[in-house]
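Here's the structure we're looking at; comments come further down.
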Amino acid sequence: MHYKDRNLGFSFELPEGWRHDEHNLTLTFFGPNGRIGYTSELIQMQIGTILPRYLDPDSRENFLAEPGAEVFRSKLGDETNVVVLKKPSDSEISAVHDGVQYTIAHSNDATTQRAIEQLRKSFKFPSVEQAVAAIQRSNDPQKQAILRALKSGSPEQARRVLSEAEMPPVIERPGYTMHRVGTDESTGGSESSSTPRRWWQFWR
């Protein structure tokens, strides 16, 4: 399948049978047997600014390193400022292009690995103007808070910005917190399609 993002303009190819989950605020793709609640045949993408000290891939390699995981360099399209964190069950690709970070999280099953290889080789980046404009475009208060958090000078400041925008941490673990955008509607336990959720991580 060919995917081109309507807002940002980046594009890439995935094998036939993969599909875009249009109901998820996080850019999400499922493989032929993937679906919500499964941890295989899953690819998710985010885009945002990055702290200047992590622009250099060496800094990101040191930052991402953790016991039991492999950290190595790679490519995304023509971009070589790319670091991969590979853990036993899932991986994360961090690519910085024109000062904008593209994060691709994916499962490590064989079907997804083949899809990621095709995505990496076919990825086309937007212009820096398109990327920055897309991040700034929304007037939604929570999305504006996310933009301020991404531009903040420290993880502590980012967490404070999100908490003040009524997006407190929903998971706190040693080294990072996770915040959820959007709230569950009281509709008998179902989630409204107009209030999608997105996870954001701010690492210490």
Next item on the list: Answer yes or no: is there a residue in segment 80-91 that is assigned to a strand (DSSP E or B), more than 15 Å from the chain's Cα centre (by Cα), assigned by TED's automatic domain parsing to the domain that holds L42 and in contact (Cβ under 8 Å) with a residue 24 or more places away in the chain.
Entry: no
Checklist line | Flag for I47 being in contact (Cβ under 8 Å) with a residue 60 or more places away in the chain and within 15 Å of the chain's Cα centre (by Cα) | finding: yes
Next item on the list: Those residues that are within 15 Å of S89 (Cβ to Cβ) and not in a loop (DSSP other than H, G, I, E, B), I need them from segment 27-49; list them, please.
Entry: L42, I43, Q44
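Residue by residue, here is whether (1) in the same structural domain as T103 (by TED's automatic domain parsing); (2) buried (at least 16 other Cβ atoms within 10 Å of the Cβ); (3) within 21 Å of E117 (Cα to Cα) holds:
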| site | (1), (2), (3) |
| --- | --- |
| G34 | yes, yes, yes |
| G37 | yes, no, no |
| E41 | yes, yes, yes |
| M45 | yes, yes, yes |
| T49 | yes, yes, no |
| P57 | yes, yes, yes |
| R60 | yes, yes, no |
| D78 | yes, no, yes |
Margin query: Given the criterion charged (D, E, K, R) and touching a Gly at 6+ places or on another chain (Cβ under 6 Å), identify the matching residue among E22, E41.
Written below: E41
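The values are calculated or read from the model by the stated rules, or taken from the named source; none is laboratory data. Being a predicted model, the structure only gives us computed values, none of them experimental. Neighbour counts run over all protein chains shown; Cβ positions are idealised from the backbone, glycine included.
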